[in-house]
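A quick write-up on the structure given underneath.
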Amino acid sequence: MLYTLSPPHHTHPINHASNTRIRSCVKSHSRNVTNMRWEDLKAAVGQRINVQGILFSVSVITRNRHWMIPHVSVPDVTYIDWAALKNKGFEGVVFDKDNTLTAPYSLDLWGPLTASVESCKSVFGNNIAVFSNSAGLEEFDPDGRKARANEFAIGIRVIRHKTKKPAGSAEEIEIHFGYDSSKLVMVGDRNFTDIVYGNRNGCLTILTAPLSVAEETFIVKLVRKIEQALLKWWLRKGLKPANARLLLDALDCVKASPTF
């Protein structure tokens with residue numbers, strides 16, 4: 001005898017509902033992946049081409065050249081005497097991330113800087129932070145994912161903020177630290193962003209050389225050359241940084257040899 005098995009009447013509706021839920025989940029996941037990729041792509045492009053920074057730089061070159069001059073220049077942070085800065089009355093340190101503490105677009109601290117960064121932590125305690133145009137910037141890191149990953153990797157808090165350097169007031173860093181910006185030290189590798197931002201807002205500014213330029217785009221390398229050429233030209237002309245009073249004994253905070 002041949003038996004024909006027919007599915008129960010309730011089978012098809014259940015399968016249809018299940019398939020609908022699966023398709024909905026797949027679509028939702030796809031949207032999340034697409035949004036994540038778009039955010040990452042936007043961040044990568046935005047970090048490499050700082051349009052706002054370029055426009056701001058025009059104002060610096062034409063009207064506020066002294067904003068671009070650092071109070072101190074060092075090869076890297078290992079040359080900074082953190083205890084001397086603290087003794088001079090500074091209460092906190094604001095670091096740029098890319099090419100100051102890490103390689104470009106990397107989370108991990110640049111190995112040779114470890115001892116100096118640990119020394120900075122021992123001197124300033126919790127009053128150190130990263131203020132970056134990548135991690136923590138609302139436009140490119142809206143959910144703070146990169147900021148949290150960076151904090152975990154290097155053990156330094158990342159300031160969440162809305163405005164890209166060099167624009168913006170000192171309000172975001174002052175709220176974070178609880179000190180007036182004149183009590184803070186801004187350390188970074190870019191004249192047009194880190195140094196201009198720090199000088200505009202009354203910080204002591206320390207310029208470092210970039211850790212690695214291998215991954216930088218042609219545009220970034222070109223802007224660096226322009227920065228260096230302008231800096232040399234203006235220094236030969238005797239141009240002084242903003243808040244020149246901070247320059248009086250700033251060089252006492254530079255070590256003759258690095259800390260390893």
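Judged by the ratio a/c of the largest to the smallest principal axis of the C-alpha gyration tensor, segment 196-237 counts as oblate, that ratio being 1.5 or greater while a/b is no larger than b/c.
With the convex hull of its Cα atoms as the shape, segment 132-233 has an orientation-averaged projected area of 7.1 nm². Using the 1.4 Å probe convention, the accessible area of segment 187-260 works out to 51 Å² per residue with neighbouring protein chains retained. Within the same chain, lysines fewer than 8 places from LYS232 are excluded, and of the rest, those with a Cα less than 20 Å from its Cα are LYS221, LYS240.
Centroid-to-centroid, using Cα positions, segment 214-243 and segment 154-199 are 20 Å apart.
Note on ILE128: accessible area is roughly 10 Å² with a 1.4 Å probe, heavy atoms of protein only. Of TYR179, TYR79, the order by accessible heavy-atom surface (1.4 Å probe, DNA, RNA and ligands excluded), from most exposed downward, is TYR179, TYR79. Annotation: peptides 71-78, 230-237, ranked by per-residue average of other Cβ atoms within 10 Å with the highest first, follow the order 71-78, 230-237.
Normalised by the number of residues in segment 92-203, the mean separation of alpha-carbon contacts (under 8 Å, six or more apart) gives a relative contact order of 29 percent.
How much of the accessible area of segment 152-193, probe 1.4 Å, is carbon plus sulfur, in whole percent? Looking at segment 152-193 in its full context, I get 51 percent from C and S. Taking a sphere under 14 Å around the Cβ of PHE124 and counting the other residues whose Cβ falls inside, with K and R at +1 and D and E at -1, yields a net charge of +2.
Other residues whose C-beta falls under 14 angstrom from the C-beta of THR100 contribute a net charge of -3, scoring Lys and Arg +1 and Asp and Glu -1. Here segment 76-144 exposes an accessible surface that is 46 percent carbon and sulfur, computed with a 1.4 Å probe and the other protein chains kept in place.
Taking 16 Å as the straight-line reach from the Cα of LYS88, the aspartates and glutamates in range (excluding those fewer than 8 positions away in the same chain) are ASP180, ASP249, ASP252.
The values are calculated or read from the model by the stated rules, or taken from the named source; none is laboratory data. A quick note: this is a predicted structure, and the numbers were derived from the prediction, not measured. Cβ atoms come from the backbone with ideal geometry, glycine included; neighbour counts cover every protein chain shown. Just the protein is used for accessible areas: all its heavy atoms, side chains included, with ligands, DNA and RNA removed. Shrake-Rupley method; radii C 1.70, N 1.55, O 1.52, S 1.80 Å.
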